[in-house]
């Protein structure tokens, strides 16, 4: 599980599925000696999407076409979606690839299919099928993650009680997670996280465990990524 840069202050990403960060596998689809090289990437904004497309183009400068599609989330608005046929007949590459991307439910994702021409014309229908299949393969090969918001709370307790309380709370994961414990000479501060922004449940459990001595204080939130 890792921390995402998605800002929960802008929107609650819980349940959103996107690609894991880092390089993803490249796929190779051969159709009548034409090769369709597919690769997808996590791109958290339009600029990152265009950087990825440019990087693929630079990697294969001798290829005839670098067709692409991407979707990126915009807090409080519809996602930005773009596609490019990059010289292929209109509607035979970028559009079908964007349809595939939409169908996956992924967000903040870009897929690029690079074509090396094999000498045999595929026709518009053949091209659309090939780009659809190549985009599908690239997205299926890519590792995915699910985003979730964790809400943070600070709890101050006496040093004598901190170890016992931490142990009891760790037994309540993942409902309540102990993120860290900071010690001073007189007290300890536990940083806890929950999946809900409502402190009621946490407050009740802390009250039961500490005879009402420990009270959670809001300490922000963060987004975590878990493999799908």
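Within the stretch 125-146, the set of residues being within 15 Å of the chain's Cα centre (by Cα) and under 16 Å from residue 83 (Cα atoms) comprises 139 only. Could you list all residues from the stretch 147-165 that are surrounded by fewer than 17 Cβ atoms within 10 Å (Cβ to Cβ) and either in a helix (DSSP H, G or I) or not assigned by TED's automatic domain parsing to the domain that holds residue 220 (or both)? The answer is 159, 160, 161, 163, 164.
For the stretch 167-177, check the following and say yes or no: at least one residue is at pLDDT 95 or above and in contact with a helix residue (DSSP H, G or I) (Cβ under 8 Å, 6 or more places away or on another chain). No, there is no match, as no residue in the stretch 167-177 is at pLDDT 95 or above and in contact with a helix residue (DSSP H, G or I) (Cβ under 8 Å, 6 or more places away or on another chain). Give me the residue from the stretch 81-106 that is more than 25 Å from residue 116 (Cα to Cα) and surrounded by 14 or more Cβ atoms within 10 Å (Cβ to Cβ) and, out of that set, nearest to the chain's Cα centre (by Cα). Checked the stretch 81-106; the qualifying residue nearest to the chain's Cα centre (by Cα) is 106.
Scanning the stretch 166-180 for residues that are touching a residue at least 12 places away in the same chain (Cβ under 8 Å) and either over 25 Å from the mean Cα position of the chain (by Cα) or assigned to a helix (DSSP H, G or I) (or both) yields 166, 168, 169, 172. Name the single residue, out of those in the stretch 199-211 being surrounded by fewer than 17 Cβ atoms within 10 Å (Cβ to Cβ) and within 13 Å of residue 165 (Cβ to Cβ), that is farthest from the chain's Cα centre (by Cα). So, considering only residues that are surrounded by fewer than 17 Cβ atoms within 10 Å (Cβ to Cβ) and within 13 Å of residue 165 (Cβ to Cβ), the one farthest from the chain's Cα centre (by Cα) is 211.
The values are calculated or read from the model by the stated rules, or taken from the named source; none is laboratory data. Owing to the predicted nature of the structure, the values given are computational and were not obtained by experimental measurement. As a convention, Cβ positions derive from the backbone with ideal geometry for all residues, glycine included, and neighbour counts pool all protein chains shown.
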